[in-house]
Amino acid sequence: MHICSKRFVERTGSTATVKVYSNQSTVALYVNGNKVGEQTGEHVFTFKVPLNGELHIQAVAGDRTDESVIRHVDTPNPEYKLHKTKSKSANWV
């Protein structure tokens, strides 16, 4: 099980999309200790949560868990944007 985009901590907007990958058939999502949803499916599970303040996210599937933190900010973090250089490489360097 894996919560995607864990490094994308600072987010703008009123809601956040939390994507979870799992080989289990059911995933539950908790925000600040409260269960906000449970989905049954295959491999990719997507949850929308209200984004206000700092959120401690936990995904649970069977005996597996993963955790992440996201927080609301008013302005986008400029470090999250890829800055173009004269390099012809398309990779992050």
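Things to note:
- Selection count where residues are at pLDDT 95 or above, outside any loop (DSSP other than H, G, I, E, B) and closer than 24 Å to S14 by Cα, scope region 61-93: 7
- Checking each residue of region 18-30 against the condition of being touching a Lys or Arg at 6+ places or on another chain (Cβ under 7 Å) and not in a loop (DSSP other than H, G, I, E, B) gives at least one match.
- The numbered conditions (1) assigned to a loop (DSSP other than H, G, I, E, B); (2) of a type in the set (S, T, Y); (3) more than 13 Å from the chain's Cα centre (by Cα) are all true for S5 except (3).
- Filter pass, K48 being surrounded by 13 or more Cβ atoms within 10 Å (Cβ to Cβ) and touching a Ser or Thr at 6+ places or on another chain (Cβ under 8 Å): no
- In region 21-60, the residue that is nearest to R11 (Cα to Cα) out of those that are in contact with a strand residue (DSSP E or B) (Cβ under 7 Å, 6 or more places away or on another chain) and acidic (D, E) is E54.
- Selection of first residues in region 1-25 that are under 15 Å from G37 (Cα atoms) and of second residues that are basic (K, R) and at pLDDT 95 or above, restricted to Cβ pairs under 6 Å at least 6 apart or on distinct chains, gives the following pairs, ordered by first then second residue: T15/K48; T17/K48.
The values are calculated or read from the model by the stated rules, or taken from the named source; none is laboratory data. Predicted, not measured: the structure shown is a model, and the values here were computed from it. Glycine also receives a Cβ, built like all others from the backbone with ideal geometry; neighbour counts cover every protein chain displayed.
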